[in-house]
Amino acid sequence: MSSKAPLIVTIIAQDPVGMKQLRAARSLGLPDWCIAAGFVRNRVWDHLHGIAPPTPLADIDVLYYDAADLSKAREQACEARLDALEPAPWQVRNQARMHVWKDLPQHTSTADSMTCWLETVTAVGVRLEADDSLTVVAPLGTDDLLGLKCRPTAFGRTRLDEYEARIAGKRWRDLWPKVKFVD
C-alpha cells in the first residue's frame with residue numbers, strides 16, 4: 001500500500017453509498033476480491049476536483065480470483081445476488097479467466113490481472129475487510145491516481161489506440177480537467 005493510500009481510504013470511507021456497495025460485495029465471500037476501476041478512480045478524482053454530487057458510474061467492477069471455478073455462470077449469479085442486496089450496475093469478473101481475451105498467460109491473482117489493464121489510474125481497488133477496515137489494492141501504486149496523472153500501463157503501451165479510445169470514449173478530459181494525460 002502506498003504511503004498516500006490513506007487518502008483513498010478516507011475518501012471511500014466517507015462515502016455511505018460506496019460503503020454499502022462494499023458491504024454487499026464482501027457478503028459474497030469471494031476469494032481475493034476488491035472493487036476497482038471507476039469505483040475508486042471517479043471518487044478520488046471527484047474529490048480532488050471538488051466535484052459534488054459524484055460522477056455517475058457506468059458499472060461497479062467487482063473483481064475476484066478463483067482458478068478453480070472459471071464459469072461465467074458464477075459471475076452472473078454474483079451479479080444477481082448483489083443486485084438483490086444493493087441495486088446497481090454490477091459487473092463481477094473472475095480475474096483467473098481474464099487473460100484469455102488478452103492472449104496472455106493466466107494471471108496469478110487479482111492484483112496481477114490489474115497490471116494488464118490499459119491505464120494505471122484504473123488499476124486501483126479497495127476491499128472491505130471483516131473488521132470493516134479498507135485495504136487498497138494497487139499493484140501499480142497510487143501516485144498517478146492521486147497526482148491527477150493518467151498514463152498507460154506497460155500493457156497499455158502495447159495498445160495505445162485502445163488506451164486513447166477509452167479515454168476519449170469515457171470523456172475523462174472533459175469530466176476531470178485537472179488530470180494530465182501522459183503517453
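Tabulated values for the structure
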{"item": "Top of ALA80, ALA37, ALA68 by mean-square fluctuation, Gaussian network on the chain, Cα under 10 Å", "result": "ALA68"}
{"item": "Value of [θ]222 nm, deg cm²/dmol, for the chain, DSSP H segments ≥ 4, -39500 (n - 2.57) each, nearest 500", "result": "-11000 deg cm²/dmol"}
{"item": "Ascending count of other beta-carbon atoms within 10 Å, so fewest first, for ASP131, ASP15", "result": "ASP131, ASP15"}
{"item": "Percent of C-alpha pairs per 5 Å bin, segment 4-59, short to long", "result": "4, 17, 30, 27, 15, 5, 2"}
{"item": "Neighbour-count order for PHE39, PHE155, fewest beta carbons within 10 angstrom listed first", "result": "PHE155, PHE39"}
{"item": "Point-to-point label distance, GLU129-LYS102, nm (Cα→Cβ direction, 7 Å offset)", "result": "2.7"}
{"item": "Rg/Rg_globular for segment 1-100, with Rg_globular taken as 2.2 N^0.38 Å and Rg from C-alpha atoms", "result": "1.12"}
{"item": "Whole-Å semi-axes of the ellipsoid equivalent to segment 127-183 (Cα gyration tensor, √5λ, descending)", "result": "26, 15, 11"}
{"item": "Listed residues GLY141, GLY156, GLY169, most fluctuating in the chain (Gaussian network, C-alpha, under 10 Å)", "result": "GLY169"}
{"item": "Share, in percent, of DSSP beta bridges within segment 5-181 that are antiparallel, nearest 5", "result": "60"}
{"item": "Nearby lysines by direct alpha-carbon distance to LYS102 (threshold 20 angstrom, same-chain neighbours under 8 apart not counted)", "result": "LYS72"}
{"item": "Likely footprinting exposure, ARG173, ARG81, ARG41, fewest C-beta neighbours within 10 Å first", "result": "ARG173, ARG81, ARG41"}
{"item": "Segment 84-183 - Rg over Rh from alpha carbon coordinates, Kirkwood radius", "result": "0.99"}
{"item": "Calculated Cα Rg over 2.2 N^0.38 Å (choose from (1) 2.22; (2) 0.98; (3) 1.03), label", "result": "(2)"}
{"item": "Full-stretch length increase - THR10, GLN91 - with 0.36 nm per residue and alpha-carbon distance subtracted", "result": "26.7 nm"}
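Readers should treat all values here as calculations from the given coordinates under stated rules, not as data from a laboratory. A quick note: this is a predicted structure, and the numbers were derived from the prediction, not measured. So basically every Cβ, Gly included, is an ideal-geometry build from the backbone, and we count neighbours across all protein chains shown.
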